[in-house]
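Colleague: Input: one structure, supplied below.
The numbers here are math on the coordinates, done by the rules we state, and not lab data. The structure displayed is predicted, hence computed values, not measured ones. All Cβ positions, even for glycine, are placed from backbone atoms using ideal geometry, and neighbour counts span all protein chains on display.
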Amino acid sequence: MHYFWIYSSRAKTAPALATAALLFRQARCRTPDTHLTGYLHREGDIFVQYIEGSWEDVRRLRHAILADPAHRDIRVVASGRIETRRFSGWSMMYTDDSVLSFRTYQAAFGLEPDIRRASTSDLLKFMEEMTISYEATGQEVPLMAETA
Ligand SMILES: Cc1cc2nc3c(=O)[nH]c(=O)nc-3n(C[C@H](O)[C@H](O)[C@H](O)COP(=O)(O)O)c2cc1C
């Protein structure tokens with residue numbers, strides 16, 4: 001049995017590169033010591049992150065994230081229990097709208113383009129398709145931390 005937590009938030013620092021660099025550094029703090037897996041996407045100044053793992057690991061990272069001054073305006077999208085992990089091959093995959101824009105992806109299907117309003121299932125479908133296409137192309141993956 002695993003737990004998951006998915007939220008969105010707004011980055012405090014505007015420049016995308018600075019934010020990505022900060023996150024990359026911060027992500028190394030905790031994730032590699034745990035069996036957490038998941039996905040972080042940045043769309044403009046909005047982050048959406050899905051994390052999954054044991055109740056204790058998810059709870060600890062959630063606590064750190066909620067207290068992190070790097071972002072604000074956090075909205076919990078969903079949380080709960082799952083039988084199996086969705087991102088078992090990844091530590092914390094990271095993409096942003098320079099790789100693929102959620103807005104563009106959704107518009108292609110006629111679905112809600114605003115990442116702050118999108119449904120949990122649309123967000124997860126986007127993330128799962130991104131990992132599948134990375135695996136298929138064999139491209140180097142922009143991991144936030146090494147795969148466990
Ligand atoms: C949008 C966002 C996503 C983050 N994702 C992770 C993550 O996946 N893993 C992680 O260890 N820290 C992540 N962090 C950093 C944590 O908030 C925190 O700074 C870090 O885990 C260190 O926590 P600690 O100071 O309590 O040890 C993220 C921060 C932000 C703003």
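Colleague: Sorting check: for 38-45, 1-8, which peptide has the highest mean count of neighbouring beta carbons within 10 Å, and how do the rest follow? Numbers along the way, then the final one.
Modeller: Values: 38-45: 20.9, 1-8: 18.5.
Top of the packing list down: 38-45, 1-8.
Colleague: Once you order the gyration tensor axes a ≥ b ≥ c over the Cα atoms, which shape class does segment 78-118 get: rounded for a/c under 1.5, otherwise prolate or oblate by comparing a/b with b/c?
Modeller: Numbers: a/c = 2.57, a/b = 1.54, b/c = 1.67.
In terms of gyration-tensor shape, oblate.
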